[in-house]
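K.L.:
Please see the structure below; I have some questions.
The values are calculated or read from the model by the stated rules, or taken from the named source; none is laboratory data. Computed from a predicted structure; not experimentally measured. For neighbour counting, all protein chains shown are included, and Cβ atoms are generated from backbone atoms with ideal geometry for every residue, glycine included.
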């Protein structure tokens, strides 16, 4: 079955394009349902994170164009605006891409572990929605095993980092003493949890956590010794915050230019670091035009991330070798899986002939016929019936001059070469 990996990510598309392709968790079921209605698509999974929207398909035939057209229909882009930013990989390269993504080799921060959990959730969601078939499921499970091997056999996971770590590193560069600063974290997902823990370890003065679900904010606040607030309280908390890190799943901005402007006025324009690591963005881009507001998006963190990337290149080289070897193994396994139905069908056919012959022989024995004669007849009958169709096909091939089929039969049946 052909495999396709298609989408856009931080390598191929800027944030303004990526946010147009973001799929909220509640919309994933609809997206997968409509994707599987595309003619050649049998199986599908969709990975949608702040840095990527990637589609993995098991198909009747390799048909990239039909999936690209589905993307433009689903996201209502009549101008086919994704086209210049899309990547697509088929079969072997699709397998390699997924293994590299799971292993953190394709991440903005080389070797970051967060993406593996996100892809596992995408796999689980696709499986629970009935969109994941046997071959795509085997691919994802294999990719998860490869990621585990990469992390255990190389140093790529040493000193674990993430987008959240990069955001906190940026704060430490801007503010000499985090112990004198106050942070406001918006959201309570995995990225914000990591940011809160990094800030606590860095000795941040105070932390406030705002989230749509107060209970989740309260749990995280209790863990890091912070204070939980509701989203509606953000305008009141904003003037006290030196560092704002936001990562929610909101389709609309959480912080607008006017809100930030009022907060800075109350602060007498003491600078604020605002790190927006959400896609779609949580902070209006115009905030960057305000004096005293220093707005960074995930794309702006690239410089912080690059320093980390350089320290991990040697481990990444080892990891790439592991991936290459595992791609080879998987492609051989996939070829074996392709023969499974054929083998099962052949075994079933021969088993049916055997069962019918045995049943006939048992009836003859119950009727009192000579056991030796019944046994000889059983062996003769089985041999003839099992060989009948293959030998008839070989005779037909000889008559038609189909020497390739005759050579294949000789190899398959382990027969000696034709004597001169």
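K.L.:
Could you please let me know if residue 218 is touching a residue at least 40 places away in the same chain (Cβ under 8 Å), touching a strand residue (DSSP E or B) at 6+ places or on another chain (Cβ under 6 Å), surrounded by fewer than 20 Cβ atoms within 10 Å (Cβ to Cβ) and not in a strand (DSSP E or B)?
P.N.:
no
K.L.:
If only one of 375, 415 is more than 17 Å from residue 350 (Cβ to Cβ), free of Cβ contacts under 8 Å to residues at least 24 places away in the same chain and under 47 Å from the mean Cα position of the chain (by Cα), which one is it?
P.N.:
It is 415.
K.L.:
Can you go through 47, 41 and tell me which one is closer than 18 Å to residue 249 by Cβ, in contact with a strand residue (DSSP E or B) (Cβ under 8 Å, 6 or more places away or on another chain), touching a residue at least 24 places away in the same chain (Cβ under 8 Å) and outside the structural domain of residue 247 (by TED's automatic domain parsing)?
P.N.:
After applying the criteria, what remains is 47.
K.L.:
Something else: Since residue 252 meets every condition but one in (1) under 35 Å from the mean Cα position of the chain (by Cα); (2) modelled with pLDDT of 95 or more, which condition does it not meet?
P.N.:
Every listed condition holds for residue 252 apart from (2).
K.L.:
Return yes when residue 76 is without any contact (Cβ under 8 Å) to a residue 60 or more places away in the chain, farther than 16 Å from residue 6 by Cα and buried (at least 19 other Cβ atoms within 10 Å of the Cβ) and no when it is not.
P.N.:
no
K.L.:
Step by step: first the residues of segment 1-31, then only those that are part of a helix (DSSP H, G or I) and free of Cβ contacts under 8 Å to residues at least 60 places away in the same chain, then the one that is surrounded by the most Cβ atoms within 10 Å (Cβ to Cβ). Which residue is that?
P.N.:
Across segment 1-31, the extreme among qualifying residues is 31.
K.L.:
Just checking, which of 157, 133 is touching a strand residue (DSSP E or B) at 6+ places or on another chain (Cβ under 6 Å) and surrounded by fewer than 21 Cβ atoms within 10 Å (Cβ to Cβ)? Don't jump to the end; show me each part of the working.
P.N.:
On the way: 157 fails: touching a strand residue (DSSP E or B) at 6+ places or on another chain (Cβ under 6 Å).
That would be 133, the only listed residue that is touching a strand residue (DSSP E or B) at 6+ places or on another chain (Cβ under 6 Å) and surrounded by fewer than 21 Cβ atoms within 10 Å (Cβ to Cβ).
K.L.:
Residue under question is residue 310, and the condition is that it be free of Cβ contacts under 8 Å to residues at least 40 places away in the same chain and within 26 Å of the chain's Cα centre (by Cα); does it hold?
P.N.:
When the stated conditions are applied, residue 310 passes them.
K.L.:
With respect to residue 55, determine if the residue is in contact with a strand residue (DSSP E or B) (Cβ under 9 Å, 6 or more places away or on another chain) and either buried (at least 20 other Cβ atoms within 10 Å of the Cβ) or not in a loop (DSSP other than H, G, I, E, B) (or both).
P.N.:
yes
K.L.:
Okay, next question. Looking at segment 203-215 only, could you name the residues that are under 20 Å from residue 168 (Cβ atoms) and either touching a strand residue (DSSP E or B) at 6+ places or on another chain (Cβ under 9 Å) or part of a strand (DSSP E or B) (or both)?
P.N.:
Within segment 203-215, 204, 205, 206, 207, 208, 209, 210, 211 qualify.
K.L.:
On to the next question. Does segment 377-399 include one or more residues that are modelled with pLDDT under 90 and outside any helix (DSSP H, G or I)?
P.N.:
no
K.L.:
Since residue 189 meets every condition but one in (1) surrounded by fewer than 16 Cβ atoms within 10 Å (Cβ to Cβ); (2) within 28 Å of residue 146 (Cα to Cα); (3) touching a strand residue (DSSP E or B) at 6+ places or on another chain (Cβ under 7 Å), which condition does it not meet?
P.N.:
Of everything listed in (1) surrounded by fewer than 16 Cβ atoms within 10 Å (Cβ to Cβ); (2) within 28 Å of residue 146 (Cα to Cα); (3) touching a strand residue (DSSP E or B) at 6+ places or on another chain (Cβ under 7 Å), residue 189 misses just condition (3).
K.L.:
Okay, moving on. Any chance segment 311-329 includes a residue that's at pLDDT below 90, farther than 29 Å from residue 134 by Cβ and not in a helix (DSSP H, G or I)?
P.N.:
Yes, there is a match, as at least one residue in segment 311-329 is at pLDDT below 90, farther than 29 Å from residue 134 by Cβ and not in a helix (DSSP H, G or I).
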